[in-house]
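Structure record follows, encoded as structure tokens.
The values are calculated or read from the model by the stated rules, or taken from the named source; none is laboratory data. Since this is a predicted model, take the numbers as computed values, not measurements. Here the Cβ positions follow ideal geometry from the backbone for every residue, glycine too, while neighbour counts run over all protein chains shown. Keep in mind that these areas ignore ligands, DNA and RNA; they rest on the heavy atoms of the full protein, side chains included. Shrake-Rupley method; radii C 1.70, N 1.55, O 1.52, S 1.80 Å.
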Amino acid sequence: MPELPEVEAARRAIEENCLGKKIKRAIIANDSKVIEGVSSLDFESALLGKTIVSAHRKGKNLWLHLDSPPFPSFQFGMAGAIYIKGVAVTKYKRSAVKDNDEWPSKYSKFFVELDDGLELSFTDKRRFARVRLLKDPTSVPPISELGPDALFEPMTINEFTDSLSKKKIGIKALLLDQSYISGIGNWIADEVLYQARIHPLQICSSLSKENCATLHNCIKEVIEKAVEVGADSSQFPSNWIFHSREKKPGKAFVDGKKIDFINAGGRTSAYVPDLQKLSGTVATKAAGKPRKQASKKKGGDEAEDNVDDEDGVGDEPTNEEEESTKITKPKKGGNPRGRGKKPPMKRKAKESDDDDDDDDDDSGGNNDVSSEEDDEDPTEKGRKVKTNTSNKQAKTVKTSKRAVSSQDGKKPKRAK
């Protein structure tokens, strides 16, 4: 998914190609899930005739400053991407738009044509992005709730070390918290912790000053390098764990060392056990057992990132799970016998409308139902079985009576 380097690459592309140009045509998708708080017609009319003055970014959010408010703001979600026709902008797997696809893409949510003919589009196949029209994007969530930007507003080593000494949570969970530092997502967190040789579950307050200084430097180096190459992952250093973090367990190695996968900060996390070891009392409390990566058959590329959309404030940490489970999670009381009844066809049709959003569905079908049965008192279960068996014959007799009655054209009388 897009993290700080990918969004920064988009900002720079806009800055280099679109500033000082007037919007002469605008097409905003009629998609209230992505286009938030304003109709597509009102959005379009607010853009027409406006000049793009500058492009700004904080964390994983980008907004355009026009010659007068309101301003369009983009929260990239899992697959949001900026495209400029005829201009190379960094691409990533989930953006889903190829050079030979139709233009603007059928996944375009925001499209403008500028007065010199240049065309810009924001696309989102998976529909977890948010596009807003705001008078001041920095004064309202999600941007107002973000911590300092990891690239533009880095903490000093002393500030970083002091803040970590007061945190009693795992280091990866903290790095993913956008209210602490904005812009670091799953792949950057894994990379900086690997480079710093720190276990993802290590409690922040247990880190030595040397650990903190090393991590501070790794965050700076990794982000600056990724931004320098325009977030083109093919140009990332060969010794980065990034290149192997999506491989299957047992087949993932970096510099000859085995990569394992655990859950840290609510995300599947790649780390090297030989180099990233837990220390102190946390080593006995957090076993950090490796677990299998999410199957790529279900979630496609980067399936392991499907646990969350993004991390922390401003990037919907759990909304993707919520969106997928809303579709497939059965209501309590439905299918009470837990026999695995299939969901209605209408529900399936709704899934297809979300353009492959069902790839993120990790709900267990009838999990709620089975859990209710598991919690049921065993004695009560036995009574129910006996009752069902003894009443079976009575039900058969009633059914045959109803059949005879219906043949005579008469409604069966209710038993009093």
* GLU113: without any contact (Cβ under 8 Å) to a residue 40 or more places away in the chain and of a type in the set (Asp, Glu), yes or no? -> no
* Structure fact -> Matching residues in segment 238-278 (open to solvent by less than 60 Å² (accessible area, probe 1.4 Å) and among the polar types (S, T, N, Q)) number 4
* Yes/no for CYS212 being farther than 15 Å from GLY280 by Cβ and surrounded by fewer than 23 Cβ atoms within 10 Å (Cβ to Cβ) -> no
* To do: Confirm whether SER144 is hydroxyl-bearing (Ser, Thr, Tyr), more than 22 Å from GLU44 (Cα to Cα) and modelled with pLDDT of 95 or more.
  => yes
* **Of residues in segment 206-226 being in a helix (DSSP H, G or I) and touching a Leu at 6+ places or on another chain (Cβ under 7 Å), the one nearest to ARG267 (Cα to Cα)** => ILE223
* List the number of the failed condition for ALA79; all other conditions in (1) closer than 17 Å to ASP115 by Cβ; (2) open to solvent by less than 40 Å² (accessible area, probe 1.4 Å) hold. => (1)
* Which numbered condition VAL53 misses (of (1) assigned to a helix (DSSP H, G or I); (2) surrounded by fewer than 18 Cβ atoms within 10 Å (Cβ to Cβ); (3) among the β-branched types (Val, Ile, Thr)) -> (1)
* Asked: Which of the residues belonging to segment 183-201 are assigned to a helix (DSSP H, G or I), touching a residue at least 24 places away in the same chain (Cβ under 8 Å) and aliphatic (A, V, I, L, M)?
  -> ILE188, ALA189, VAL192, LEU193
* For segment 129-172, which residues satisfy the criterion of being closer than 20 Å to ARG267 by Cα, open to solvent by 40 Å² or more (accessible area, probe 1.4 Å) and either charged (D, E, K, R) or not in a loop (DSSP other than H, G, I, E, B) (or both)? -> LYS167, LYS168
* Asked: Filter segment 240-268 for residues that are among the β-branched types (Val, Ile, Thr) and either part of a strand (DSSP E or B) or at positive phi (or both); which is nearest to the chain's Cα centre (by Cα)?
  -> THR268
* Structure fact -> Only one of (1) farther than 22 Å from ALA231 by Cα; (2) in contact (Cβ under 8 Å) with a residue 60 or more places away in the chain; (3) open to solvent by 40 Å² or more (accessible area, probe 1.4 Å) does not apply to ILE23, and that is (3)
